[in-house]
Amino acid sequence: MPKFVKYILLFLLFGLLVLIRVYEGELFYDPYLTFFKNDYLYVDSPRREVLKLVSFTTLRYLLNSVISLGVLYVFFKDKSIIKFSTIVYLLAYVILILIYLYFVINPKQEDYYLFFNVRRFLIQPIILLLLLPAFYYHKLKS
């Protein structure tokens, strides 16, 4: 793949990640968006529909994951990296969504900060920010 095409694809994929973030309020049901923008350590958890919330959080995680896998593929062009990353994304989803469900169902003010960070891993492409330099370092060492 020519470098120009590679850079265009990476720009488009990162652009999609940015668009998901910019339009998160319109695209996804998430009462915690405004909750965590305010002084959440001193207020009660917002009213929420658990199934709808988990469904939209899963959709957002899936979109971010697929786009992130696309970024990794364009950047490295190595199917073994994609297979490994897919397993990482699946395992992370299972672990994080279980913790997320616990916090959604049992909201406690003392747990809000931990909940905020678990939620962040589900709704933002943080795993990509961890995998990209890790694979790049691995590629340099091989």
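Expressed as a whole percent, the accessible surface of the range 24-142 that belongs to carbon and sulfur atoms is 68, based on a 1.4 Å probe.
Once the Cα gyration tensor of the chain is diagonalised, what are the square roots of 5 times its eigenvalues, in whole Å and ordered largest first, as equivalent ellipsoid semi-axes?
32, 16, 13
Roughly speaking, what % of Cα-Cα pairs in the range 43-84 are separated by over 14 Å, rounded to a whole number? Before the final figure, lay out each step's value.
On the way: 534 of 861 pairs.
Roughly 62 percent, once rounded to a whole number.
So which helices of the chain fit the span-like rule, where a helix is a whole DSSP H run, its Cα atoms reach 24 Å or more along the axis, and its mean Kyte-Doolittle is at least 0.5? Both cut-offs are met by 3-22, 50-76, 79-105.
The range 59-142: D in µm²/s via Stokes-Einstein (Kirkwood Rh, Cα pairs, 20 °C, 1.002 mPa s)? This corresponds to a translational diffusion coefficient of 155 µm²/s.
If the cut-off is a Cα-Cα distance under 27 Å, which lysines reach Lys139, setting aside same-chain residues fewer than 8 apart in sequence? Candidates past the 8-residue exclusion: Lys3, Lys6, Lys77, Lys79, Lys83. From the Kirkwood radius over Cα pairs of the range 94-142, Stokes-Einstein at 25 °C and 0.890 mPa s returns a whole-number translational diffusion coefficient of 197 µm²/s.
The stretch between Tyr29 and Glu49, if pulled fully straight at 0.36 nm per residue, gains 6.3 nm over its current Cα-Cα span.
If you average the sequence gap of Cα pairs under 8 Å that are 6 or more apart and divide by the length of the chain, what percent do you get for the contact order? The partial results should precede the final answer.
Values: 90 pairs, mean separation 42.2, N = 142.
Once divided by the residue count of the chain, the mean separation gives 30 percent.
Among 104-116, 85-97, 58-70, sorting by the average number of other beta carbon atoms lying within 10 angstrom of each residue, highest first, gives 58-70, 85-97, 104-116. For Glu24, the shell of other residues with beta-carbons less than 14 Å away shows a net charge of +3, using +1 for Lys and Arg and -1 for Asp and Glu.
For the range 69-142, what does the accessible surface come to per residue with a 1.4 Å probe? Please give it in Å².
Details: 4460 Å² over 74 residues.
For the range 69-142, the per-residue accessible area is 60 Å².
The values are calculated or read from the model by the stated rules, or taken from the named source; none is laboratory data. From a predicted model like this one, the values you see are computed outputs, not experimental measurements. FYI the Cβ positions are ideal-geometry reconstructions off the backbone, even for glycines, and counts take in every protein chain you see. Side chains included, ligands, DNA and RNA excluded: accessible areas come from the protein's heavy atoms. Shrake-Rupley method; radii C 1.70, N 1.55, O 1.52, S 1.80 Å.
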